[in-house]
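This report concerns only the one structure given below.
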2 protein chains.
Amino acid sequence: MSSNPLGIGIDFGGTSVKVGVVDGYQVIAQAPPLATPEFDGAPPLIDAIAGTISCLREKHPAIAAIGAGMPGFVDFEHGLVHGLTNVPGWEGIALRDELQQRCNLPAQVENDANAMAYAEWKFGAAAGCHHIVALTLGTGVGGGLIANDRLVRGARSAAGELGQTSIDYRGRKGAYGNLGALDDYIGNNEIAAEAQQAYAKSGEHRSIEDCQPAMLSKAAANGDPVALSIWRGFAEKLSCALLNCCYLLNPEIIVIGGGVAKAGAVLFGPLESHLRDQLGDVFNKHLRVVPARFGNEAGMLGSARIALEEAGLV
Amino acid sequence: MSSNPLGIGIDFGGTSVKVGVVDGYQVIAQAPPLATPEFDGAPPLIDAIAGTISCLREKHPAIAAIGAGMPGFVDFEHGLVHGLTNVPGWEGIALRDELQQRCNLPAQVENDANAMAYAEWKFGAAAGCHHIVALTLGTGVGGGLIANDRLVRGARSAAGELGQTSIDYRGRKGAYGNLGALDDYIGNNEIAAEAQQAYAKSGEHRSIEDCQPAMLSKAAANGDPVALSIWRGFAEKLSCALLNCCYLLNPEIIVIGGGVAKAGAVLFGPLESHLRDQLGDVFNKHLRVVPARFGNEAGMLGSARIALEEAGLV
């Protein structure tokens, strides 16, 4: 038996909601995932989450706090979900209070990329660092920043939106009217579409399914010149946004996670070389660029930890 | 007589070094400026600064700490000057210790834009805010960031280099090999050169002196279409870098100072409209964009304050 207080970590996604029991840096139990689109808006889904937590507590009575990692804008201070990417019906939901009331446990809601950054800082690749840029590469680019040993949430918990930062002041118009947003260049869908075009140019027809990042990673590892050039372009664009983070925040470490990070050397190689080539000495010498320690469980680990800390339990 | 402990604030520039006696938000006395280029490297200039401080202390015995605001990379923690923009001979100078030994007072060295941000936060336009982006527009663009009520210095005190952030991932190559650095688009010299070209295109020859930002501000205020378009372009490029700060840090306030900020409405109008048009609601609603309260004295005020605080005197 562990003597640590346990936390509930909720990994909220557009496809599924995963609820796990967290002990330090490990998810020690997980309930069957809830299918997000099957629920008609927030209240029934919150009911189901509360029911799931109740079941988990029967087996794990040491559960003492609930943390939810949400894919979108949350107001950490007030426990509100402003709105979620790809999940309708979640505008202005007081998720923290709803969970607290239904489960009678202290709860917190946090942006999922912030939760991932927190997990990597407390238990993972960035342990012991004070100034951290963490990001997840997937459908979009999520970011979490730590400066002076504190998560940077900003005025309304909206900080860390790396995917909305611009890499071209005259670029494509993005979700908020913003020009050149990184998400619109290196999100999963953009990469797949770009690869499909590049293959077509080289005389090869590929379905969009065969142009997903996982396929492109394999192809690049086998020396496929089209796939390699896609990853080089990816690295060029991502490095611009990360250079901006470096010049603004002078981090000790950049931690890269999310499905696309599995591309490995074909991504990290050109990415690190772009960064090194464009950073002044002071920034360069003290910077490490590393893959995340945790995978999909990072959001659960981080949000559970934040909830336990805020409740004064760890 | 004031009962506050007084600080020395040093405003170190490529043309002159100004040494002032600081009481809270006021410079209550100033020594005659030292002509930077007349000194052969760091040691004689440090001697002259120490001599100046010694004179000021005779009249102001309450002086209790020395803060130096430096135009370049400094290591705050170790009190080192790594190197200064436009001032040769200042690589690897232990300025803090040199000042402490010669003056027998606690001293600190800080980046000048950080010092400006600190002054605006403690006494100026950003008083009471917790998340601040401050910048100075001049020969280059300097930045100072405050998150969670603390100056963001980063791993090696190099944070806040807004002028080195990129607005175009395929842009011009800058000082550190970095592509699209803001400084290379809206520094004083770049603006003047751009204006000269634009006037030439419209059939008017203007000397580079007549294309300086101050002249362009006057011309724009009088409705000169070329000058107006230069400021619109300036606002477009600057807004890109500031949008990146907003999406990364979610600040409550952006404080803009430096000589170029005197352009006033011809700059602030289009700048604010670019920002508002490209920010998501959560970011937009809680953001103010304001001119700095302090002018050239900001560096002295901020660096003196930091030195007094670090010494535990305020």
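The values are calculated or read from the model by the stated rules, or taken from the named source; none is laboratory data. Just so it is clear, the model here is predicted, and its values are computed rather than measured. As a convention, Cβ positions derive from the backbone with ideal geometry for all residues, glycine included, and neighbour counts pool all protein chains shown.
Every condition in (1) in contact (Cβ under 8 Å) with a residue 24 or more places away in the chain; (2) more than 24 Å from A:LYS262 (Cβ to Cβ) holds for A:ASP168 except the one numbered (1). The residues on offer are A:ARG102, A:ARG153, and the sole one that is modelled with pLDDT of 95 or more, assigned by TED's automatic domain parsing to the domain that holds A:ALA227 and either under 30 Å from A:ALA50 (Cβ atoms) or not β-branched (Val, Ile, Thr) (or both) is A:ARG153. From the list B:GLY144, B:GLY92, the lone residue that is within 22 Å of B:PHE283 (Cα to Cα), in contact with a strand residue (DSSP E or B) (Cβ under 9 Å, 6 or more places away or on another chain) and not β-branched (Val, Ile, Thr) is B:GLY144.
With respect to B:ARG150, determine if the residue is free of Cβ contacts under 8 Å to residues at least 40 places away in the same chain, within 7 Å of another protein chain (Cβ to nearest Cβ) and basic (Lys, Arg). It is true that B:ARG150 is free of Cβ contacts under 8 Å to residues at least 40 places away in the same chain, within 7 Å of another protein chain (Cβ to nearest Cβ) and basic (Lys, Arg). Here A:TYR185 fulfils each of the conditions (1) assigned by TED's automatic domain parsing to the domain that holds A:GLY24; (2) buried (at least 24 other Cβ atoms within 10 Å of the Cβ); (3) over 14 Å from the mean Cα position of the chain (by Cα) apart from (1).
So is A:GLU77 in contact (Cβ under 8 Å) with a residue 60 or more places away in the chain and farther than 22 Å from A:ALA298 by Cβ or not? Considered against the rule, which asks whether it is in contact (Cβ under 8 Å) with a residue 60 or more places away in the chain and farther than 22 Å from A:ALA298 by Cβ, A:GLU77 comes out as yes. If I ask for residues that are surrounded by fewer than 18 Cβ atoms within 10 Å (Cβ to Cβ) and without any contact (Cβ under 8 Å) to a residue 60 or more places away in the chain, which ones from region B:80-127 would you list? Scanning region B:80-127 gives B:PRO88, B:GLY89, B:GLU91, B:GLY92, B:ALA94, B:ASP97, B:GLN100, B:GLN101, B:ARG102, B:ASN104, B:ALA127. Only one of (1) within 27 Å of A:VAL314 (Cβ to Cβ); (2) under 22 Å from the mean Cα position of the chain (by Cα); (3) touching a residue at least 60 places away in the same chain (Cβ under 8 Å) is not met by A:GLY14, so which one is it? Every condition holds for A:GLY14 apart from (1). For region A:257-279, filtered to residues that are more than 13 Å from chain B (Cβ to nearest Cβ) and not in a helix (DSSP H, G or I), the residue that is farthest from A:GLY143 (Cα to Cα) is A:GLY264. Looking across region B:154-164 at every residue that is at the interface with chain A (Cβ under 7 Å from one of its Cβ atoms) and in a loop (DSSP other than H, G, I, E, B), the one that is nearest to B:ASP75 (Cα to Cα) is identified as B:ARG156.
Tell me, which residue of region B:280-301 that is more than 10 Å from chain A (Cβ to nearest Cβ) and of a type in the set (A, V, I, L, M) is farthest from B:GLY128 (Cα to Cα)? Here the residue is B:MET300.
Which residues, taken from region B:81-90, are under 27 Å from B:ALA311 (Cβ atoms) and either away from chain A (no Cβ under 12 Å) or among the acidic types (Asp, Glu) (or both)?
B:LEU84, B:VAL87, B:TRP90
For region A:147-163, filtering for residues that are over 16 Å from B:PHE283 (Cα atoms), touching a helix residue (DSSP H, G or I) at 6+ places or on another chain (Cβ under 9 Å) and surrounded by fewer than 24 Cβ atoms within 10 Å (Cβ to Cβ) leaves 1.
Taken together, A:ILE167, A:ILE191 contain a single residue that is crowded, with 18+ Cβ neighbours inside 10 Å and more than 16 Å from B:ILE167 (Cα to Cα), which is A:ILE191.
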